[in-house]
2 protein chains.
Amino acid sequence: MSAHIVLTSHPRKGEAASPEIHWGAATPQQRGPIVASLTNPVHRNAIGSHSGAYAVYRALAVASGQLQRDHRPDFTNTAPAEAIGPHPQWSDADKIVSLDPWGHMASSAFAERVAAGVDIRPTIAVTKAHINMPELRAAVIAGRLHPDGDILHANGDVRVTKAAVDPVWYLPGLAKRFGIKESMLRRSLFEQTAGMFPELVTRSDLKVFLPPIGGMTLYFFGDVSRLGRPETRVACRVHDECNGSDVFGSDICTCRPYLAHGIEVCIEMAQQGGVGLVVYNRKEGRALGEVTKFLVYNARKRQNGGDRAETYFERTECVAGVQDMRFQELMPDVFHWLGITRIDRWASMSNMKHGALAAQGIDVVERVPIPDELIPADARVEMDAKKAAGYFSHYTPDATELALPKGRGLEE
Amino acid sequence: MSAHIVLTSHPRKGEAASPEIHWGAATPQQRGPIVASLTNPVHRNAIGSHSGAYAVYRALAVASGQLQRDHRPDFTNTAPAEAIGPHPQWSDADKIVSLDPWGHMASSAFAERVAAGVDIRPTIAVTKAHINMPELRAAVIAGRLHPDGDILHANGDVRVTKAAVDPVWYLPGLAKRFGIKESMLRRSLFEQTAGMFPELVTRSDLKVFLPPIGGMTLYFFGDVSRLGRPETRVACRVHDECNGSDVFGSDICTCRPYLAHGIEVCIEMAQQGGVGLVVYNRKEGRALGEVTKFLVYNARKRQNGGDRAETYFERTECVAGVQDMRFQELMPDVFHWLGITRIDRWASMSNMKHGALAAQGIDVVERVPIPDELIPADARVEMDAKKAAGYFSHYTPDATELALPKGRGLEE
């Protein structure tokens, strides 16, 4: 290890980064691989590194002597378990700006360069699994779901294809999506994180950034190869992580019940010959994080007048400065990646998600609200507040109702 | 906004960072607040910023004009819903190195400084909730759990206290825990993340780092105020995130079944007058991330000879370079924070977790393995491999058994 520490890099005069990246090019060879590996800094053409925030753990592994700093992954047998794409949307630089459409093909599409010693790593992995959720078994027993022995088994097992997707941001495209200058975006990303990645400001020639944030997981129900064909009917739920409900079943929100309902809708669609898709985004507490989320819970439950819909968003704003940081503007990228232009059944009431799809030209045919009987006791406050703010619903509560405390107190 | 961008900061000659941090001091006033806010850089005495990786979303919010860069949180009514500590372990600088023991009291313990304009934020939030999991309802119906109308209700609702904890790393303590030089740790954290936070190397005077990684969530069952008393019996499961099983019930591992079983053990302990605790760590795929995890699944299921225990760890090492990056060495910090010196019922078979507790002087009285009937179909490979590697079990499989393919193929 050299004694000299390089605090940041600078563009080499007269030289473009090699390999060059032509975002939105029609073939992987024209687009070029994304190289964010640390084993040979000369090959790098992106800011950041692989595996998102888990890079910090990788750094600990090197620091503690458990991982060789020049370890090169062996990707034998890891190729996608189902082919995805290419789709026409991949060759439009404006349609996909927050993931690498070729990310699951990295080791095959660039096999020659990998063999020549360039450390190219996939940012997407596609595998298969069986899942089994108690709610789906209950749906079978209640007669809402019918086992077919293929997609859904009698014991409640569901066959899925699933994909993990790490974020890959094309900074000029991201700036365009938000209608801001790229230089402003870069500077904010650097300064407002307290100095993550000085290359954001010193390397304007590097256009691709791998941010250290959580990515997404996709669960496919039915035949993935049918995606991208206009005749294929698609059912979908886009779900933003809520650990307290998704795992532990906290009753203050509708997250897990709506997710389980969305999966039911997806299974039905697959059984009818269409494709079901659940997109699970790692954006805990509206991307404010769980500490902020719990602080807001306390403020809601202790405020004068009790926990009620009319002050629901205000309590979040007091603590976080905004109501929401999920930036649904980037959410439609995954549909462009999958070649989806129409969603026939959309298991979501969110006006923000719906608006983001519309802005990207993706049609939503039918919106499927959560069935009333699935809304947990303490989640009425959230549901009313969201309906009043524009959520899709057949019923909008009035001011009198929004002022009623419907949430439990902290000590109840 | 100034035209000048500061790439990194340097220590001011002859001046210590203000406020000073004396890690391990017995009172919050002697210890000093941790200031990682961006609203006034002069006050900062830590590297990184609040909310872990969600700082990236906060930066997007500023860049897109949705969040004022000088927003100051209003923490009215957000204080902890239950008191935790102080415990004697808090004033030993070596016992807690990866969280701030005063992190939940930040706005009260440092109220004067907050009033004077210093932007001090909590890194821990404590609230209360009701949770309800289908597995717990099933345990009530099966007669394993008995509703008491207080901790466990007849409808399956469980009253819990919960806490979200963001990581706060005291770098000298972390280096000591791993037996490495602090300078080596800082340099690896900087270089092996592709340049996150140059202050890691330019500001050796700043000893505290808020890494942009996921934190943990604690679920308490029973009376939290009894923790720290020698007579209080404690049941515990430390669970490392596995989204595929915890949320979707993938049958390739035992994660959600063991978590649900651990919660049963915790409820029983609370009903007997003790305290149950679930620690949920955001360390997806052994802290390798989900992309790596899915690549490994494919390699396991496609290898010659099929998916079997004898090659279980090897397939991970081929891709990731190591078997595991969770660094259980830091895991015991949360027990020191809660004043826990003895765990009476420990719902885990992991030799790594058990060894980490022993190294920190925390006694484990009884180890509770997952009941055999809860192990899903495709999880036998993992279970056998772990037992052979030293997991706590009454049965260790032999070489013949480890060579048997027990996992499904990809197309099954």
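Observations on the structure shown:
- Filter result for A:ALA106 (within 12 Å of chain B (Cβ to nearest Cβ), hydrophobic (A, V, I, L, M, F, W, C) and touching a Leu at 6+ places or on another chain (Cβ under 9 Å)): no
Here's the yes/no breakdown for (1) under 22 Å from A:ARG380 (Cβ atoms); (2) open to solvent by 10 Å² or more (accessible area, probe 1.4 Å); (3) within 12 Å of another protein chain (Cβ to nearest Cβ):
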{"residue": "A:ILE267", "(1), (2), (3)": "no, no, no"}
{"residue": "A:GLY274", "(1), (2), (3)": "no, no, no"}
{"residue": "A:TYR280", "(1), (2), (3)": "no, no, yes"}
{"residue": "A:GLU284", "(1), (2), (3)": "no, no, yes"}
{"residue": "A:ALA287", "(1), (2), (3)": "no, no, yes"}
{"residue": "A:LYS293", "(1), (2), (3)": "yes, yes, yes"}
{"residue": "A:GLU310", "(1), (2), (3)": "yes, yes, no"}
{"residue": "A:PHE313", "(1), (2), (3)": "yes, yes, no"}
{"residue": "A:GLU317", "(1), (2), (3)": "yes, yes, yes"}
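- Test for A:GLU82: is it open to solvent by 50 Å² or more (accessible area, probe 1.4 Å) and acidic (Asp, Glu): no
- Whichever residue in region A:59-68 is part of a loop (DSSP other than H, G, I, E, B) and at the interface with chain B (Cβ under 7 Å from one of its Cβ atoms) and, among such residues, is farthest from A:ALA111 (Cα to Cα): A:SER64
- Among the residues of region B:152-193, those identified as over 23 Å from B:GLU20 (Cβ atoms) and within 19 Å of the chain's Cα centre (by Cα) are B:VAL160, B:THR161, B:LYS162, B:ALA163, B:ALA164, B:VAL165, B:PHE178.
- Check on A:ILE370, in contact with a helix residue (DSSP H, G or I) (Cβ under 8 Å, 6 or more places away or on another chain), assigned to a loop (DSSP other than H, G, I, E, B) and not aromatic (Phe, Trp, Tyr): yes
- Lone unmet requirement of (1) surrounded by fewer than 24 Cβ atoms within 10 Å (Cβ to Cβ); (2) touching a residue at least 12 places away in the same chain (Cβ under 8 Å); (3) touching a His at 6+ places or on another chain (Cβ under 7 Å) for B:PRO147: (2)
- When the test is whether a residue is outside any loop (DSSP other than H, G, I, E, B) and among the hydrophobic types (A, V, I, L, M, F, W, C), A:VAL126 passes it.
- Odd one out for B:SER91 among (1) open to solvent by 40 Å² or more (accessible area, probe 1.4 Å); (2) touching a helix residue (DSSP H, G or I) at 6+ places or on another chain (Cβ under 7 Å); (3) of a type outside the set (D, E, K, R): (2)
- Residues (over 27 Å from A:ALA83 (Cβ atoms) and open to solvent by 60 Å² or more (accessible area, probe 1.4 Å)) located in region A:150-165: A:ALA154, A:ASN155
Yes/no per residue for (1) at the interface with chain A (Cβ under 8 Å from one of its Cβ atoms); (2) open to solvent by less than 10 Å² (accessible area, probe 1.4 Å); (3) in contact (Cβ under 8 Å) with a residue 40 or more places away in the chain:
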{"residue": "B:PRO33", "(1), (2), (3)": "no, yes, yes"}
{"residue": "B:ALA36", "(1), (2), (3)": "yes, yes, yes"}
{"residue": "B:ASN40", "(1), (2), (3)": "no, no, yes"}
{"residue": "B:SER49", "(1), (2), (3)": "yes, yes, yes"}
{"residue": "B:TYR54", "(1), (2), (3)": "yes, no, no"}
{"residue": "B:TYR57", "(1), (2), (3)": "yes, no, no"}
{"residue": "B:ASP70", "(1), (2), (3)": "no, no, no"}
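- B:GLY339 being modelled with pLDDT of 95 or more, more than 9 Å from chain A (Cβ to nearest Cβ) and assigned to a loop (DSSP other than H, G, I, E, B): yes
- Residue in region B:311-323 that is more than 25 Å from the chain's Cα centre (by Cα), of a type in the set (D, E, K, R) and farther than 19 Å from B:CYS242 by Cβ present: yes
- One residue stands out among those in region B:119-142 that are more than 8 Å from chain A (Cβ to nearest Cβ) and of a type in the set (Lys, Arg): the one that is nearest to A:ASN132 (Cα to Cα), which is B:ARG137.
- Complete set of residues in region A:226-239 that are open to solvent by 10 Å² or more (accessible area, probe 1.4 Å) and touching a helix residue (DSSP H, G or I) at 6+ places or on another chain (Cβ under 8 Å): A:THR232, A:ARG233, A:ARG237
- Summed over region B:196-225, residues that are more than 22 Å from the chain's Cα centre (by Cα) and open to solvent by 10 Å² or more (accessible area, probe 1.4 Å) total 6.
- Residues of region A:313-333 include at least one that is within 26 Å of A:ILE267 (Cβ to Cβ) and aliphatic (A, V, I, L, M).
- Candidate set from region B:370-379 (those that are buried (at least 19 other Cβ atoms within 10 Å of the Cβ) and not hydrophobic (A, V, I, L, M, F, W, C)); member that is farthest from B:VAL238 (Cα to Cα): B:ASP378
- Of all residues in region B:380-408 being of a type in the set (Asp, Glu) and open to solvent by less than 30 Å² (accessible area, probe 1.4 Å), the one that is farthest from B:ARG315 (Cα to Cα): B:ASP384
- Against the test of being touching a Leu at 6+ places or on another chain (Cβ under 9 Å) and not hydrophobic (A, V, I, L, M, F, W, C), the options B:GLU314, B:GLU264 yield a single qualifying residue, B:GLU264.
- So A:VAL208, is it in contact with a Phe, Trp or Tyr (Cβ under 9 Å, 6 or more places away or on another chain) and closer than 30 Å to A:SER18 by Cα: yes
- Region B:308-344, residues that are farther than 23 Å from B:VAL365 by Cβ and of a type in the set (Val, Ile, Thr): B:THR311, B:THR316, B:VAL319, B:VAL322
- Between A:ASP344, A:ASP384, the distinction of being more than 14 Å from chain B (Cβ to nearest Cβ), assigned to a strand (DSSP E or B) and touching a residue at least 60 places away in the same chain (Cβ under 8 Å) belongs to A:ASP344 only.
The values are calculated or read from the model by the stated rules, or taken from the named source; none is laboratory data. In this text, all values refer to a predicted model and were calculated from it rather than measured experimentally. Cβ sites come from the backbone with ideal geometry, for glycine too, and all protein chains shown count toward neighbours. Areas reflect the complete protein model, heavy atoms only, side chains present, ligands, DNA and RNA absent. Shrake-Rupley method; radii C 1.70, N 1.55, O 1.52, S 1.80 Å.
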